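This report concerns only the one structure given below.
The values are calculated or read from the model by the stated rules, or taken from the named source; none is laboratory data. Everything numeric here is computed off the predicted structure, so don't read it as measured data. With ideal geometry, Cβ positions are generated from the backbone for all residues, glycine too; neighbour counts draw on all protein chains shown. When the accessible area is computed, the model is the full protein with side chains, heavy atoms only, and any ligands, DNA or RNA have been set aside. Shrake-Rupley method; radii C 1.70, N 1.55, O 1.52, S 1.80 Å.
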Amino acid sequence: MATMVTGTRPVTKKGTSGPKLPGPGGNGSRRSNGGGRIPEEPLSRRYRIGMWVGLASIFMMFTSLTSAYIVRAASANDWKPLPMPRMLLLSTGLILISSVTLELGRRQLRAGRQARYVRLLLLTMALGFGFLFTQLSAWRDLIRQGVYVSTHPHSSFFYLLTGAHGVHLFGGLVALIYLFFRWGLGSRDNSAAAGNAAAVDALTIYWHFMDGLWLYLFLLLFFWR
């Protein structure tokens, strides 16, 4: 007996789930942390890469200035030792502590503790402005001793290198102020917090670089022979 083939279409049973689409609660969606830990974002990685590219140009500039400093110190008969202002010891301590507070703030933000992050951000800004104030005080001390930009080559390089570093650190302070107001005035949902964390990651790298650069310049200016 022949088998009969029907032309009816297969019917999907009710309740059978089809493919899941991206959306709230589906695959591809991002669940809110509800104020918990902020996940690592591709945005943070892009910020860090951009920051390293920018720091490469700053590194090249200070490398060129260092080369000129070393060549000038070795070839000049008018090179004189520069008295170290005691205030620079305080400024060195301030910038070291500021790196610690900013790093702690970054970790607090990543852990979702925004209030602690804001307090540490404010403390870092205060330490940064304290560093700049002590740098200006060191300049005033040298001026009172009669050491000006044009006094001798060593003093010229001192004002040039510390001034260039101070300008870059001030740029970092402007970025810290921006982050503070961005967090205080902006939305505090999970996506905004993730973007803020990405910016803090990049700025922390910049601040640590400024910290290490200052230590290098301090040793170069007063302890290199």
TODO: Pop the C-beta distance of residue 86 and residue 49 into the FRET formula with R0 = 41 Å and round what comes out to the nearest 0.05.
DONE: 0.55
TODO: Determine the gain in length on full extension of the stretch residue 56-residue 74; use 0.36 nm per residue of separation and subtract their C-alpha separation, reporting nm with one decimal.
DONE: 3.8 nm
- [ ] Would you mind getting me the FRET efficiency between residue 143 and residue 115? Use the beta-carbon distance for r and R0 = 41 Å, nearest 0.05.
- [x] 0.45
TODO: Provide the per residue accessible area, probe 1.4 Å, for region 68-148, rounded to a whole number of square angstrom.
DONE: 53 Å²
Task: Global form of region 48-129, assessed from the alpha-carbon gyration tensor, a/c cut-off 1.5 - done: oblate
Task: Prolate/oblate/rounded call for region 124-176, Cα gyration tensor, a/c under 1.5 rounded - done: oblate
Task: Percent carbon-and-sulfur accessible area, region 92-188, ignoring ligands, DNA and RNA, probe 1.4 Å - done: 70 percent
Task: Relative contact order %, region 86-158, counting alpha carbon pairs below 8 Å whose residues are six or more apart - done: 36 percent
Task: Highest to lowest packing among 207-219, 171-183, scored as the average C-beta count within 10 Å - done: 207-219, 171-183
